[in-house]
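None of the figures in this text is laboratory data; all of them are computed from the coordinates on show. What you see is a predicted model, and the numbers here were worked out from it, not measured in a lab. So basically every Cβ, Gly included, is an ideal-geometry build from the backbone, and we count neighbours across all protein chains shown.
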Amino acid sequence: MAENAVAEIEEDADPENPDVEGAEGEDDEAAGKKKKLKLLIIAAIGIVVILGVAAGAYFMFFSGGGEEDGAPEVIAAPETFFYELPKMVVNLSSESGSEQFLKLSVALEVADETMIEAIEPRLARVLDAFQVYLRELRVSDLEGSAGIYRLKEELRRRVNLALYPVQIESILFKEILVQ
């Protein structure tokens, strides 16, 4: 009996008219779509699980999450020392004849305390090197961050020449005032 029903459905299906299909073709198409949807959902869940495992492994092994004591590692920074120079006021170079002044407060960064002892006897040379250079500057030389950076690097170079063989690490501006 079931064979007769299938035979009748197949006979009813018109091979020349594709809009009229048998019930079996529609079921196969819907079943195929459901299988594809299930496969996509399973693949998405698999990808999420793999990413979760990878992220957990990364944080455990590379971010220090696997340490027994749980305390973060502390890296000791090298100790630095500073030597403050006296405040300086210099008359800047001006073509217009107007007087313009630079007030400067500077600290020298050194690697250890013994270098401070080497700076003190040579302080007159350092101040002289600063005064000679600063008096030749114009206001336009000090404009913007690039001008201040050039000033910092030039002063560091001149200090290192005056203090040779002692070398300072950096020049730190405490105050810069141009009037």
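Details
- Arranged from fewest to most other beta-carbon atoms within 10 Å of their beta carbon, 140, 170 become 140, 170.
- Count Lys and Arg as plus one, Asp and Glu as minus one, and take only other residues whose Cβ is under 11 Å from that of residue 87; the net charge is then 0.
- The residue among 121, 145, 101 whose Cα reaches farthest toward the positive pole of the charge dipole of the range 81-178, with charges on the beta-carbon of Lys, Arg, Asp and Glu, is 101.
- Fewest-first ranking of 112, 141, using other Cβ atoms within 10 Å as the exposure measure: 112, 141
- By the beta-carbon count within 10 Å of each Cβ, the least crowded to most crowded order of 155, 123, fewest first, is 123, 155.
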